[in-house]
Amino acid sequence: MKKRTFAVDIDGTITENGGGRIHLDALDALRRLTNMGHTVIFVTGRSSVEGYLLSVFGGTTKIAVGENGGCITLDSNDHILLGNIEECKTALNVMKNSIDNVKEKLVFPRMTEVVLERTFDLDLARKLLSENNIDVELSDSQYAFHINSSGVDKGTGFSKIMEKFSILRDDVIAIGDSATDVPLFRLAKTSVALGNASEIVKSEATMTVSANAGDGVLEALDKLAPRLSEI
């Protein structure tokens, strides 16, 4: 059997109803892939600790890339930090002083990024930070706005996993729904955009499905079945 590595987003991909509740059938399908010998790694805008805990309780591979690539968790006390939270906080303070309604989102504690409510104009914030020579990444996961260190995204985070575990691009299958998943799509030979993805995100994927979120993951795995006869 040819082993594949599935890089899977969480929010909007294996959750349902917009409330963060896990789509249990989708999680079961990912667990079955793991039991067959494939690798299933959550790559999320949530904290890597949340992704790691989901892998433990969900029965998938116990590795998680979180904070949009800023932090990798390999074990309960084994974290690789790729971002610098202090420069993200500096950007936050500049934004708060100049833009209305910039609010931090109540989330699981972060080690490398700042997470914000989706309550302000992201393009305006990007322009402001550029004018102040503050070099950070601002992104929209649809779950929240994120401030990450320059050069940090899901692609750079997952590339570290590929290097560490000698994973080849040809063996990677990425599944996601938002703009933050596009750098991950570009790393993978096969990428799947779900039905709830924007047209821009869909244009970056090698294949799309019509169903949303967890139902879309199941549809994607059905489409991939001819290449993965063990599914």
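The values are calculated or read from the model by the stated rules, or taken from the named source; none is laboratory data. Everything numeric here is computed off the predicted structure, so don't read it as measured data. Backbone-built Cβ (ideal geometry, glycine too); neighbour counts: all protein chains shown. To get the accessible areas, we keep the full protein, side chains included, count just its heavy atoms, and leave off ligands, DNA and RNA. Shrake-Rupley method; radii C 1.70, N 1.55, O 1.52, S 1.80 Å.
Considering only the range 6-116, give the strands (runs of 3 or more DSSP E) lying wholly within it that have at least 2 residues that are more than 14 Å from TYR143 (Cβ to Cβ), touching a strand residue (DSSP E or B) at 6+ places or on another chain (Cβ under 6 Å) and open to solvent by 40 Å² or more (accessible area, probe 1.4 Å). So that I can check it myself, show each step before the final result.
Details: elements: 39-43, 64-66, 71-75, 78-81, 114-116.
In the range 6-116, 78-81 are the strands (runs of 3 or more DSSP E) which contain 2 or more residues that are more than 14 Å from TYR143 (Cβ to Cβ), touching a strand residue (DSSP E or B) at 6+ places or on another chain (Cβ under 6 Å) and open to solvent by 40 Å² or more (accessible area, probe 1.4 Å).
Yes/no per residue for (1) assigned to a loop (DSSP other than H, G, I, E, B); (2) touching a Phe, Trp or Tyr at 6+ places or on another chain (Cβ under 9 Å); (3) free of Cβ contacts under 8 Å to residues at least 60 places away in the same chain; (4) farther than 30 Å from ASN133 by Cβ:
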position: ASN148; (1), (2), (3), (4): no, no, no, no
position: GLY151; (1), (2), (3), (4): yes, no, yes, no
position: THR156; (1), (2), (3), (4): no, no, no, no
position: ILE161; (1), (2), (3), (4): no, no, no, yes
position: SER166; (1), (2), (3), (4): yes, no, yes, yes
position: ASP170; (1), (2), (3), (4): no, no, yes, yes
position: VAL182; (1), (2), (3), (4): no, no, yes, no
ask   = Within the group SER210, SER178, SER198, which residue is assigned by TED's automatic domain parsing to the domain that holds ILE10, hydroxyl-bearing (Ser, Thr, Tyr) and over 17 Å from GLU16 (Cβ atoms)?
value = SER198
ASP171 vs. criteria closer than 24 Å to LEU218 by Cα, acidic (Asp, Glu) and surrounded by fewer than 23 Cβ atoms within 10 Å (Cβ to Cβ) = yes
task = Identify all residues within the range 8-47 that are of a type in the set (Ser, Thr, Tyr) and touching a Leu at 6+ places or on another chain (Cβ under 9 Å); write none if there are none.
result = THR13, THR39, THR44
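Filter the range 187-207 down to the residues that are in a helix (DSSP H, G or I) and not β-branched (Val, Ile, Thr), then identify the one that is nearest to VAL8 (Cα to Cα).
Step one: list which residues in the range 187-207 are in a helix (DSSP H, G or I), which gives 187, 199-204.
Still in the list and also not β-branched (Val, Ile, Thr): 187, 199, 202-204.
Details: LEU187: 13, GLU199: 19, LYS202: 15, SER203: 18, GLU204: 16 Å.
Within the range 187-207, the match that is nearest to VAL8 (Cα to Cα) is LEU187.
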remark   = When SER210 is run through (1) assigned to a loop (DSSP other than H, G, I, E, B); (2) touching a His at 6+ places or on another chain (Cβ under 9 Å), the failure sits at (2)
key: Residues (at pLDDT 95 or above, in contact with a Ser or Thr (Cβ under 9 Å, 6 or more places away or on another chain) and either open to solvent by 30 Å² or more (accessible area, probe 1.4 Å) or among the polar types (S, T, N, Q) (or both)) located in the range 140-166   = ASN148, SER149, ASP153, PHE165
request  = Any chance you could count how many residues in the range 4-52 are more than 15 Å from LEU221 (Cα to Cα) and of a type in the set (Lys, Arg)?
outcome  = 2
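Any idea which of ASP222, ASP215 is over 20 Å from THR156 (Cα atoms), free of Cβ contacts under 8 Å to residues at least 12 places away in the same chain and among the charged types (D, E, K, R)? Spell out how you get there, then give the answer.
Working: ASP215 fails: free of Cβ contacts under 8 Å to residues at least 12 places away in the same chain.
Checking each option against the conditions leaves just ASP222.
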query = Is one or more of the residues making up the range 121-132 within 20 Å of ALA179 (Cα to Cα) and under 18 Å from the mean Cα position of the chain (by Cα)?
reply = no
query = What about LEU124, is it open to solvent by less than 10 Å² (accessible area, probe 1.4 Å) and assigned to a helix (DSSP H, G or I)?
reply = no
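Could you tell me which of the residues LYS164, LYS202 is among the basic types (Lys, Arg) and closer than 23 Å to ALA29 by Cα?
On the way: LYS164 fails: closer than 23 Å to ALA29 by Cα.
None of the other options fit; the residue is LYS202.
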